[in-house]
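Each reported figure results from applying straightforward, stated rules to the coordinates on display, with no laboratory input. Note that the structure is predicted; figures quoted are calculated from it, not measured. A quick note on method: Cβ atoms are made from the backbone with ideal geometry, for glycine too, and the neighbour counts reach across all protein chains shown.
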Amino acid sequence: MLSRSFFQRSLIPAGCLALCCSVLAGIPGEGFGQEWARKMFTEFNHDFGNVAKGSFVEYKFPIKNIYEEDIRIESAVSSCGCAQVSLSTNRLKTWETGYVVAKFNTQAFSGFRQATITVRFARPFLGEVQLNVRGNIRSDVTFQPGSINFGPLPLTSEDKSKSIRISKFGNPNWRIVDVKSTYQHIKVRLSPPTQVGTSVDYEMTVRLTDTVPVGFVNGELYIVAEERGRRFEIPISFSGNILAPLRISPEVLVFNATPGQEETRKLVITGNQPFAITAITSSDATIQIAPTDQTKKVHIVEARLKAPQVSGEYKGEITIETDLPGGAVQKMETTIQVSDQ
């Protein structure tokens, strides 16, 4: 049986007595059983548009649990093999968000395809929601490889580029006139077209700029092509993980101590390549850190605290300077919680 908050958030009209009674009896009405599930979705349809044969194309439908009860998804199935479906998770707690992931099967299918995805729920009671995807898989356009994967890439790497071959078959007058992206840290360069018979090939170089931030990178480029006086867009996805020059564990240094107590914590400092720590300082004089004079990829240093005599919370930061390219500097927060208890 659902809690009172579930009904309040489901916005059941006060006059729907028969429906409320059926829910309270543990047997929800059919209309309500679908409606409560639909309220967790904001999108129900996605058009992939024109996509290249063999390209990696997927879309994530977000699903958010807006209720106090845990949600369990029983299954997500597609009506067509042209769309492969997976779940980021099958359980959602209150306010958690998961995804129904629809991947267009451009390897095995061609032409216009569409599929209905049925998402079935097992808890807090039975229900289902239908999603729809469609798109046109063009067998006359191919990308090699099917997506751009920068992989794990150090921020300091001098080469942040990947190449891809774009081929069009059957029309020697087909031309790429533009490449669009909403991601500001990426640049694209196209070679002049080469023609063999009725086929046209381009080499496209995609480069992440030096301003790219640390963390996961993902998005899509849109190839704008012109054919017989008409323009259309074909997406190609890109992804990667930009690694910081230095990674520190833990991310925040926390001490819990009584006044005047001495405590010790270890910091693990990892670089993308062997490095030396040229300086390591704390803004809080109660924390002393013993530096190392070795060159290696992983450093373990000791932070020693002599807690202040006055109870309270003290915030600060540790600054680590290295001889890595560009003089990589990393900062981390410190928190000292001093209590008499």
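For the pair Gln288 and Glu321, the difference between a 0.36 nm per residue extended length and the Cα-Cα distance amounts to 10.3 nm. Sorted fewest first by neighbouring Cβ atoms within 10 angstrom, Ser139, Ser147 come out as Ser139, Ser147. Each label was represented as a point 7 Å from its Cα along the Cα-to-Cβ direction; for Glu233 and Glu68 these points are 4.4 nm apart.
Among beta bridges from DSSP that stay inside the chain, the antiparallel ones total about 85%. For region 269-313, backbone nitrogen atoms closer than 17 Å to the point 7 Å from Asn241 Cα along Cα-to-C-beta are found at 270-273. Among the trypsin sites (Lys or Arg not before Pro) in region 189-235, those placed in a DSSP loop whose Cβ has at most 16 other Cβ atoms within 10 Å are Arg228. Among Leu267, Leu190, Leu208, a tally of other beta-carbon atoms within 10 Å of each Cβ gives an order, fewest to most, of Leu190, Leu267, Leu208.
Using the Karplus relation 6.51 cos²θ - 1.76 cosθ + 1.60 with θ = phi - 60°, the per-residue 3J(HN,Hα) values for region 217-228 come to 10, 7, x, 9, 9, 10, 7, 9, 10, 10, 8, 6 Hz, with x marking Gly and Pro. Label-to-label distance, Glu263 versus Thr281, with points set 7 angstrom from Cα along the beta-carbon direction: 2.5 nm. Adding -39500 (n - 2.57) for every DSSP H run of four residues or longer, then dividing by how many residues the chain holds, sets the calculated 222 nm ellipticity at -2000 deg cm²/dmol. The distance linking region 216-276 with region 164-191 is 27 Å (Cα centroid to Cα centroid, whole angstrom).
Applying 1/(1 + (r/R0)^6) with r as the Cβ-Cβ distance of Lys39 and Asn149 and R0 = 41 angstrom yields a FRET efficiency of 0.70. Here the Karplus curve 6.51 cos²θ - 1.76 cosθ + 1.60, taken at θ = phi - 60°, turns the phi angles of region 65-82 into couplings of 7, 9, 10, 7, 7, 5, 10, 10, 8, 6, 6, 9, 10, 10, 7, 9, x, 6 Hz, with x standing for Gly and Pro.
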